[in-house]
Amino acid sequence: MELNDIIKPENLVYEKPRLMNENPMHYCPGCSHGVIHKLIAEVIADMGLEDKTIGISPVGCAVFAYNYLDIDWIEAAHGRAPAIASAVKRLNPEKMVFTYQGDGDLAAIGTAETIHAANRGENIVIVFVNNAIYGMTGGQMAPTTLEGMPTATCPYGRNIALNGYPLKISDLLAQLEGTCLVTRQSVQTAVAVRKAKKMLRKAFENAMAGKGTSVVEFVSTCSSGWKMTPEKANKWMEANMFPFYPLGDLKNVE
Ligand SMILES: Cc1ncc(C[n+]2csc(CCOP(=O)(O)OP(=O)(O)O)c2C)c(N)n1
Ligand SMILES: [Mg+2]
């Protein structure tokens, strides 16, 4: 096939999701947020939920998520997304309501909101982007920062004696009666992206079926905060993050 034929719309096998608009993204090269946004857009379109979905965006690098996906959004104060999502879903039970949160947002300032929304079994989806760092504010240590991992506030690496243990908050959420799905995914390879999309869809289906809270954690990179090239960050994540935050389902109630 000639190049001119390949780029004809009828021959395209890969295209930008319909729900993603033309706004140029502000994310750094190699950032996981953009890919995760794309998956959310695809799942919403695949499920025909374009007019039914309400996203609650966080404080953190994804604060502008509402600039990229053409669905309804509410911007939450730092960490408060699960509380807002609870209210929105209760008032609009026919809607698909999800939060989009970083590790600082979800596992530090918003720990209480996250745990209690999940423990109440709110029929929402929590998308949790765990890049082990406060990306937006310059790469400070987050609750999920690994032992020995250097950040702006622990330049010699996280010291357990001083800073405590990295928090496996998804494991904690899986213990709660209110969660029906807690899964850990990543988007660093095509295979991982496909698996992640499947689980994201399952989470959205659970919320629409009123099964309780679904949590989809994305073990992610932050090339800028980690001070690595995107390629090195992916390799570092596989070698260091995956052993501590293993991918797979922590809980999946059928
Ligand atoms: C109440 C409040 N406290 C602190 C901040 C500063 N702040 C902005 S983003 C952020 C950390 C975000 O980190 P994370 O949730 O991991 O998201 P990432 O940027 O890594 O995607 C902090 C502490 C704020 N905006 N509001
Ligand atoms: Mg983060």
Conditions (1) farther than 26 Å from G225 by Cα; (2) surrounded by fewer than 20 Cβ atoms within 10 Å (Cβ to Cβ); (3) not small (G, A, S); number of the one not met by P29: (1)
Residue match in the range 171-183 (condition: over 19 Å from the mean Cα position of the chain (by Cα) and within 16 Å of ligand 1 (Cβ to nearest atom)): no
Only listed residue being in contact (Cβ under 8 Å) with a residue 40 or more places away in the chain and in a loop (DSSP other than H, G, I, E, B), chosen from P17, P24, P29, P82: P29
Test: residue in the range 97-105 that is at pLDDT 95 or above, more than 11 Å from ligand 1 (Cβ to nearest atom) and surrounded by fewer than 24 Cβ atoms within 10 Å (Cβ to Cβ): no
Which listed residue, of I36, I56, I40, is surrounded by 14 or more Cβ atoms within 10 Å (Cβ to Cβ) and either at positive phi or in a strand (DSSP E or B) (or both): I56
Candidate set: the range 1-22, residues that are surrounded by 11 or more Cβ atoms within 10 Å (Cβ to Cβ) and not charged (D, E, K, R); chosen: the one farthest from F128 (Cα to Cα): N21
Residue that is nearest to ligand 2 (Cβ to nearest atom), among those in the range 143-163 that are in contact (Cβ under 8 Å) with a residue 12 or more places away in the chain and assigned to a helix (DSSP H, G or I): N163
Single residue of the range 115-142 satisfying the filter (open to solvent by less than 10 Å² (accessible area, probe 1.4 Å), within 25 Å of S86 (Cα to Cα) and not in a loop (DSSP other than H, G, I, E, B)) that is nearest to ligand 1 (Cβ to nearest atom): V129
Selection within the range 188-236 - among the small types (G, A, S) and farther than 24 Å from D249 by Cβ: S223, S224, G225, A233
Restricting the range 87-111 to residues that are assigned to a loop (DSSP other than H, G, I, E, B) and not acidic (D, E), the residue that is farthest from ligand 2 (Cβ to nearest atom): P93
Pair list, Cβ under 6 Å, 6 or more apart: the range 185-211 residue of a type in the set (K, R), other residue in a helix (DSSP H, G or I): K197/L39; R201/V43
Residues of the range 144-163 classified as open to solvent by 70 Å² or more (accessible area, probe 1.4 Å) and within 24 Å of I115 (Cα to Cα), total: 1
Residues satisfying the stated conditions in the range 81-130, i.e. polar (S, T, N, Q), within 18 Å of the chain's Cα centre (by Cα) and under 18 Å from D171 (Cβ atoms): Q101, T111, T114, N130
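The values are calculated or read from the model by the stated rules, or taken from the named source; none is laboratory data. Note that the structure is a prediction, hence the values are computed from the model and not measured. Cβ sites come from the backbone with ideal geometry, for glycine too, and all protein chains shown count toward neighbours. Remember, those area values only see protein heavy atoms, side chains included, never the ligands or the DNA or RNA. Shrake-Rupley method; radii C 1.70, N 1.55, O 1.52, S 1.80 Å.
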